[in-house]
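The values are calculated or read from the model by the stated rules, or taken from the named source; none is laboratory data. Note that the structure is predicted; figures quoted are calculated from it, not measured. Counting neighbours? That spans all protein chains shown, and the Cβs are built from the backbone with ideal geometry, glycine included.
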Amino acid sequence: MATILTHPVIPLTCGMLLGSRRISLPLLVLGMCCAILPDMDVIAFKLGIAYESAFGHRGFSHSLLFAATIATVASFFHTALRSTHMMTWLFVAFATASHGILDALTTGGLGVEFFWPMSEQRFFFPWQFIQVSPIGVNRFLTERGWQVMRSELLTVWLPCALLLLTVKSFTYFSSSRKSS
Ligand SMILES: [Zn+2]
């Protein structure tokens, strides 16, 4: 896993790029929660389910089908989320799927079962530049935990912040040029 602090950064950046008229605050918050949701599967370790099982860590809950299912459930509540059916589905599916995508960019653990249940093959991307996070809070509060956080700040937070800054300043300058 990447850490639970970093997964929500992806939907947060996407929501801020799209703006509050397209992605309402409740939808944004839900998306950020859904980006963490797949790691609820660490409960499998407590239940004695092997990591490499489809119901182990980075198994079915990290699949694209899981993301689509969560998005379908969320889209029933689009009115409460102050959004359209389609936008709710797309944003929640993206947010949930972004979890597995970040995990597949990490340097350790087993790969991600993107295509469960069609295939139990586990995948990594060819580029693995995010240091894998230790599982569990105790192990996170160590020197290695800080190393992981530094790696995530550099490879996820910083590019997201730069992207936001670039797009927002471009939009600001092009709208102020239009109005002048
Ligand atoms: Zn994960």
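Observations on the model:
- Residue within segment 136-145 that is within 14 Å of the ligand (Cβ to nearest atom), surrounded by 14 or more Cβ atoms within 10 Å (Cβ to Cβ) and of a type in the set (G, A, S) present: no
- Counting the residues of segment 87-124 that are touching a strand residue (DSSP E or B) at 6+ places or on another chain (Cβ under 8 Å), of a type in the set (S, T, Y) and either at pLDDT 95 or above or surrounded by 22 or more Cβ atoms within 10 Å (Cβ to Cβ) (or both) gives 1.
- Residues (within 16 Å of the ligand (Cβ to nearest atom) and part of a helix (DSSP H, G or I)) located in segment 1-30: V9, I10, P11
- Residue in segment 94-108 that is within 27 Å of L28 (Cα to Cα) and assigned to a loop (DSSP other than H, G, I, E, B) present: yes
- Among the residues of segment 82-90, at least one is in contact with a Pro (Cβ under 7 Å, 6 or more places away or on another chain), among the basic types (K, R) and away from the ligand (no atom under 16 Å from the Cβ).
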